[in-house]
Protein chains: 4
Amino acid sequence: MRIGVLTGGGDCPGLNAVIRAVVRKGVGVYGHEFVGFRDGWKGPLENITMPLGIADVRGILPRGGTILGSSRTNPFKVEDSASGASGIDRIRENLAANSVDALIAIGGEDTLGVATRLHELGVHVIGVPKTIDNDLNATDFTFGFDTAVNIAMEAIDRLHTTAESHHRALIVEVMGRHAGWIALHAGMAGGANVILIPEQPFSLDRVCAYVESRFESHYAPILVVAEGATPDGGEAAVLEKGLDAFGHVRLGGIGEWLAAQIEQRTGKEARTTVLGHIQRGGTPSAFDRVLATRFGLNAVDAAHDGDWGKMVALRGTDIVRVPLAEATTELKIVDPNRYAEAEVFFG
Amino acid sequence: MRIGVLTGGGDCPGLNAVIRAVVRKGVGVYGHEFVGFRDGWKGPLENITMPLGIADVRGILPRGGTILGSSRTNPFKVEDSASGASGIDRIRENLAANSVDALIAIGGEDTLGVATRLHELGVHVIGVPKTIDNDLNATDFTFGFDTAVNIAMEAIDRLHTTAESHHRALIVEVMGRHAGWIALHAGMAGGANVILIPEQPFSLDRVCAYVESRFESHYAPILVVAEGATPDGGEAAVLEKGLDAFGHVRLGGIGEWLAAQIEQRTGKEARTTVLGHIQRGGTPSAFDRVLATRFGLNAVDAAHDGDWGKMVALRGTDIVRVPLAEATTELKIVDPNRYAEAEVFFG
Amino acid sequence: MRIGVLTGGGDCPGLNAVIRAVVRKGVGVYGHEFVGFRDGWKGPLENITMPLGIADVRGILPRGGTILGSSRTNPFKVEDSASGASGIDRIRENLAANSVDALIAIGGEDTLGVATRLHELGVHVIGVPKTIDNDLNATDFTFGFDTAVNIAMEAIDRLHTTAESHHRALIVEVMGRHAGWIALHAGMAGGANVILIPEQPFSLDRVCAYVESRFESHYAPILVVAEGATPDGGEAAVLEKGLDAFGHVRLGGIGEWLAAQIEQRTGKEARTTVLGHIQRGGTPSAFDRVLATRFGLNAVDAAHDGDWGKMVALRGTDIVRVPLAEATTELKIVDPNRYAEAEVFFG
Amino acid sequence: MRIGVLTGGGDCPGLNAVIRAVVRKGVGVYGHEFVGFRDGWKGPLENITMPLGIADVRGILPRGGTILGSSRTNPFKVEDSASGASGIDRIRENLAANSVDALIAIGGEDTLGVATRLHELGVHVIGVPKTIDNDLNATDFTFGFDTAVNIAMEAIDRLHTTAESHHRALIVEVMGRHAGWIALHAGMAGGANVILIPEQPFSLDRVCAYVESRFESHYAPILVVAEGATPDGGEAAVLEKGLDAFGHVRLGGIGEWLAAQIEQRTGKEARTTVLGHIQRGGTPSAFDRVLATRFGLNAVDAAHDGDWGKMVALRGTDIVRVPLAEATTELKIVDPNRYAEAEVFFG
């Protein structure tokens, strides 16, 4: 069998571990051949390929990024070619041109949405879920999340030592546009005094009350805020207009907005650390490497079995297969009970 | 309610996170009081206590070790006191003397075995499982394991760069006397060329064949060996006598024994890194801090609910309660299927 | 002899290592006594002390922050007391009230400026230099700097992996208001494509040219910018007014301003990571712990020798003593030759 | 100019940073060409080369190991070829065959000894010093040392947390056959209770006294021992025979020998961690990356200047050039004053 592999969407530590496992088992155990499509769906769309043999995956296990490159190219959103071929048409043509019998697509909601559509059109597809936000309902965890949480936690750990000497509120803005898992886990692991997530619009009054009560205990408060967190009520309206605390167009994110609000309301200084892309980079944690490796092994097993249209997933300690369509049905958001666990440590 | 807390057995990153969560929720939400018993069962046996309030648990979340101290004291194995009181008798007396209504015992098989017996005698006990080896059947994971795996993986990562320049077999000896989980996960995460675990007696011939085939590819082999791994057949008999490769009394562990054997059989140099206690120390990973914190929260909930004789456990992403007796029934050893996953990458 | 110790100014990894070394050698070898003054000059000003014996410094070597607390209180800037005593008067009174024969002051330009003045007034003072920015001319290095550089370098390392997959300019804003040492070293160690420091006003045109040339090589550019870096010419004027790229009042720092400018001029997305206080926190690196320990040992030697009015300093691999006044004379800025070394790697 | 580059001897974090800096400045600024000789002196001896252009050094800055490979091949110790050509003859022939005008040799005492001899024979040679042990008199520091010290320090940090709960002496064996710099710096940075180095033969009685006094303070002692440390007096004679504490042939190193001795003499358990090759691997610290980069820049400057027979060195914060011969004259061992600094913290 000749199998194509691609990685789509944003970076996520563990992508290379998946690719390596697919190739090592696919070639070494099953004797299949592999071809890499570059830059997500752009690869099969524009027929950009790279060799993908045992030698090509040597040494990539500990590395962040993806040797296949990635992109957010969506074949549904590209224009038809001069000859009238749609994006999907051209992908099917290029798969055929490369004598590819099957495709292993590693990516998030968008990437797997395209994979699902291709499966419905009869293409042999296996999916591997990838979301650093861990917001996919079909699997207990996705790789990359644990690494991101560790990076954010280490930042919070470092702030704690300065928090003991200083007299400023310290804010850490972490990833999480729609789901607050990174903020929740990093904040719980780091001992944050407040955690703000998109699922729970926050009251500025309550946040400022925590900040002030923390200062009274002679420790500076540490606040972890997901980039998608929003205030409730009237404040939300202001924020939505993209204005800062002074009514000007806002450049910074929610972390900086929150710092300005806290300074205005409490009279205390506030400082923001914006972790940004460093949460997506670097070497994966052991948890993510093991999970990504097992996902890769099971995905190539699925291809070998001809179990098309499936996505691999973690349930407890087992790797299972679920219909690809499940990947895109429902966002896994933070359960109120999980948030309540963290609230025990607020203030 | 007045609740005693103790930690028993070997060190494990996350113990302080459990203690902190128990006290923060127990005092802050439920209004209970806590007393710390020092050094495992030695504390209630000899009535050695310490205060355990909100201030005592401040700042301990990221710290390894346990503020309560630990020991391997087993009250079943101590002599009766002058007045004829058994170890268990004295524990019950001292719990009463401290007006303790319930006990939260954090520990491994031995510690929870005593807890189980106390429960059978009517003492109000809740257990929190602790084994760095992750070899407890009743829970998907125990805290400390993820940290140990990351430490071992980082050591393997470092060896890889020297393996590319050198011409020596490199052996890493990791913890795991009866179960090879640390070796399996660290070896898989680190890209080891061979992983040897107690569950699968190894063939020296096969190990040496892997070593030699790896050298042929111009990379030095990296072998991960659990301290409890043993050779099969006749070699095992030699090893059991505590003799080294030359028939002398053996000081070193299996890692060093293996190095001597490989040198003798392949004519290549071999070097051993013995990680030892560094796997048990240092700050816990995010995974372990979150797990330990959730165990602590649920344990104090169980005490508040009067759900005695239970142990908290992880199932998927949920914290559940199981009978304490389950903690000590069966060792969770590495499943042959999990070992087969790793074998894909051998050689 | 009875010696007071205080730490002033911003946090800096290694402060506790200095304190520990002072006390361990002072008590253990010389038999002196120590008293801690809390929160910088606020301690002797308001007579806030803490015990400082061998037991008090146990376990603090690896910890960030300072067990003595810190502040930016400047005794020259406080009002006279009701009885007409100046800040300096009150410090001298409180030193006498505590039977303190000498003072070891650990701090930066401000803290050591006060120490110098006290020395001129006859108080027995020894100084230990502390500046995370490494901008003190009298010493080759100050502790804390190496730790900060490593933290910033690790962030850059992480960005590199995402830079290979993404198509955005990535900016890291690091500390350095007047001197660009952290940016220079972290940028050189991390392989940044552009490094911007306060000593060298930058041309936005040139920065954008680097950004565009880097994109042409299919890698996203990584820019390291010291918080005190400024554009040259007309752009500087705009920035000085505190306006953002759209002419609005600017909330964010230079990193964010630069991102907005790059987006405007090159049409490429740009993202900023603001490391902020995490550069000051956490456990010190080995270099900083050894340097801080040796500073502490030599400082207490100087006190024992009665070598008053001196500050300890690193010259090559030796710890030497220089007049306290040197600490505050001249800022050590980045030499153009050192910047030229780094420019080799720009673009 | 066409310049050959080689790396010889044991692994050392920073080698790739040197290579990258040489090529980036040599090609980008001076327009020279480079050729890589593989596996140390084996490369020019057997004419094994690899291309060495800008593209070949991309991304190698943070990586341990060396892209050129290394070996301990010594051209003085190889047999003459069939045609009677000595090793040195063949190196000169192969340099000529590759049209190489000059050679940059990166290595330790052995590698630079060959370089010195070639220089005396008229070959255009520049040396870059490399010794992880930091035992070269001509330079304040060599790259790789800081990384090794940090790795050893982190191991000691981890042991401290378990030392607080356990009742065993914990020994860390680190590199340093002839010079104890790694043990000294790591032990000082990690807060070891005893540091044993080759320069100072140790008294077992004194070591055991420290161990016992430490146990009395309820903390387990942590001992750092350089692999080349030896006991004084009669014990040394036993150790030299390669016998263990029981008179058997010794497999393990000094760390294990010491553990057996301590157990025998104090009746306390002792455990050894042998760090081994992990001290040589992994990503270099910021200090080492900056130093290695500056060494590389200055080495290619020296070649461009035709300043042959020189070696680059660090003096204070400056990179200077010294005669190559200095590299091999005298070992830089630990000064008694530096050891005395550390002894303050023993026990």
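The values are calculated or read from the model by the stated rules, or taken from the named source; none is laboratory data. Just so it is clear, the model here is predicted, and its values are computed rather than measured. Positions of Cβ are backbone-derived with ideal geometry, glycine not excepted, and every protein chain shown enters the neighbour counts. What goes into the accessible areas is simple: the full protein's heavy atoms, side chains included, and nothing from ligands, DNA or RNA. Shrake-Rupley method; radii C 1.70, N 1.55, O 1.52, S 1.80 Å.
Residue by residue through segment D:1-19, note down the ones that are closer than 17 Å to D:Thr66 by Cβ and open to solvent by 10 Å² or more (accessible area, probe 1.4 Å).
The answer is D:Gly9, and nothing else.
When you scan segment A:14-27, do you find a residue that is among the polar types (S, T, N, Q), within 30 Å of B:Ala163 (Cβ to Cβ) and in the same structural domain as A:Trp308 (by TED's automatic domain parsing), even just one?
Looking through segment A:14-27, at least one residue is among the polar types (S, T, N, Q), within 30 Å of B:Ala163 (Cβ to Cβ) and in the same structural domain as A:Trp308 (by TED's automatic domain parsing).
Has segment C:139-151 got any residue that is of a type in the set (A, V, I, L, M) and either open to solvent by 20 Å² or more (accessible area, probe 1.4 Å) or over 15 Å from D:Asp288 (Cα atoms) (or both)?
no
For segment C:168-190, give me each residue that is open to solvent by 10 Å² or more (accessible area, probe 1.4 Å) and outside any helix (DSSP H, G or I).
C:Arg168, C:Glu173, C:Met175, C:Arg177, C:His178
So that you can scan it fast, the table gives a plain yes or no per residue for (1) at pLDDT below 95; (2) in contact with a Lys or Arg (Cβ under 9 Å, 6 or more places away or on another chain):
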site	(1), (2)
B:Met188	no, yes
B:Asn193	no, yes
B:Ser213	yes, no
B:Leu223	no, no
B:Leu243	yes, yes
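Check C:Arg92, C:Arg38, C:Arg58 and return the single one that is touching a Pro at 6+ places or on another chain (Cβ under 9 Å) and of a type in the set (Lys, Arg).
C:Arg92
Can you name the condition, by its number, that B:Val225 falls short on among (1) away from chain D (no Cβ under 14 Å); (2) under 22 Å from the mean Cα position of the chain (by Cα)?
Evaluating B:Val225 over (1) away from chain D (no Cβ under 14 Å); (2) under 22 Å from the mean Cα position of the chain (by Cα) leaves (1) as the failure.
Got at least one residue in segment B:328-335 being buried (at least 18 other Cβ atoms within 10 Å of the Cβ) and within 21 Å of B:Tyr30 (Cβ to Cβ)?
No.
Name every residue in segment A:292-318 that is among the small types (Gly, Ala, Ser) and away from every other protein chain (no Cβ under 12 Å), in order of residue number.
Hits for segment A:292-318 are A:Ala299, A:Ala302, A:Ala303, A:Gly306, A:Gly309.
Any idea which of B:Arg265, B:Arg289, B:Arg280, B:Arg321 is open to solvent by 30 Å² or more (accessible area, probe 1.4 Å) and facing another protein chain (nearest Cβ under 8 Å)?
From the options B:Arg265, B:Arg289, B:Arg280, B:Arg321, the qualifying one is B:Arg280.
Before we move on, is C:Ala163 in contact with a strand residue (DSSP E or B) (Cβ under 7 Å, 6 or more places away or on another chain), in contact (Cβ under 8 Å) with a residue 12 or more places away in the chain and closer than 14 Å to C:Val225 by Cα?
Criteria not met by C:Ala163.
If you scan segment D:292-309, which residues turn out to be touching a Gly at 6+ places or on another chain (Cβ under 8 Å) and open to solvent by 10 Å² or more (accessible area, probe 1.4 Å)?
D:His304
What number of residues within segment C:1-28 are within 14 Å of chain A (Cβ to nearest Cβ) and part of a strand (DSSP E or B)?
Count: 2.
Out of segment C:142-173, which residues are within 19 Å of C:Ile254 (Cβ to Cβ) and facing chain A (nearest Cβ under 7 Å)?
C:Ala155, C:Leu159, C:Leu170
For C:Gly31, state whether it is assigned to a loop (DSSP other than H, G, I, E, B) and within 17 Å of the chain's Cα centre (by Cα).
No.
How about segment C:65-94: which of its residues are among the basic types (Lys, Arg) and at pLDDT 90 or above?
Selection gives C:Arg90, C:Arg92.
Kindly provide the set of residues from segment C:20-37 that are open to solvent by 10 Å² or more (accessible area, probe 1.4 Å) and either at pLDDT below 95 or aromatic (Phe, Trp, Tyr) (or both), ordered by number.
Selection gives C:Tyr30, C:Phe34.
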